[in-house]
Amino acid sequence: MEKIPQQAAYSGKRIVLYGPESTGKSTLSRKLAQHYNTALIEEYAREYLQDKFNRTKEICSYNDILPIAIGQRILENNAVITAGEYLFCDTDVLETYVYCVAYFNEAPQELINAVQESSYELYLLLEVDIPWTPDDLRDRPERREEMYELFLAALHKFNKPYRIVNGLHDQRFFNAIKAIEEELI
């Protein structure tokens, strides 16, 4: 099986939009990339798992974890070529790790190694303070707070730099910009 690639060298700052499902990561990452006129790495897992669901009506299995991590890292490594001062990542291998542990009570050592070896300047942990939006892949609306705590614990476990972002609509966007500017500028 293919291995999770190492992170490609990048002279700018990598920022991860991170947290439970339906907290606005994709929307916010697009807005931030546009605001800072730079590259955005879309969430690989969403496309991968939606395709799987459309074909089989099944959601994620343990065997999907490493292909998802590999796909996410390949997207990131390709994006550093054209990224400006910042690179916005709509999730990363740490997000994959949290979901893996939450759903399967364990994670492959290769994924743990990738998390430990990864370097991001800032994680923006999004609070669960916006309304839940259902779709084919989301399945834990009643466990959002529990998932949030797992995401927070993983940041501490792997000693990753983070800021918590909350707020509705434009306030969430402004709070994210404030966090970036206070931490990285």
message: Cβ contacts < 7 Å: first residue touching a residue at least 24 places away in the same chain (Cβ under 8 Å), restricted to the range 22-40; second residue surrounded by 23 or more Cβ atoms within 10 Å (Cβ to Cβ) and in a loop (DSSP other than H, G, I, E, B), any location; separation 6+ or different chain. Result?
response: K25/G19; K25/T91
- request: Could you list all residues from the range 103-136 that are modelled with pLDDT under 95 and either under 18 Å from I70 (Cβ atoms) or in contact with a Leu (Cβ under 8 Å, 6 or more places away or on another chain) (or both)?
  value: I130
task: Could you check K157 against (1) in contact with a Phe, Trp or Tyr (Cβ under 7 Å, 6 or more places away or on another chain); (2) at pLDDT 95 or above and say which number it fails?
output: (1)
task: Only residues that are touching a strand residue (DSSP E or B) at 6+ places or on another chain (Cβ under 8 Å) and either small (G, A, S) or more than 15 Å from K25 (Cβ to Cβ) (or both): list them for the range 56-75, please.
output: none
The listed residue being under 24 Å from F158 (Cα atoms), modelled with pLDDT of 95 or more, crowded, with 16+ Cβ neighbours inside 10 Å and touching a Lys or Arg at 6+ places or on another chain (Cβ under 7 Å), out of I65, I15, I4, I41: I4
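The values are calculated or read from the model by the stated rules, or taken from the named source; none is laboratory data. Predicted, not measured: the structure shown is a model, and the values here were computed from it. When we count neighbours, we look across all protein chains shown, and the Cβ atoms used for this are built from the backbone with ideal geometry, even at glycine.
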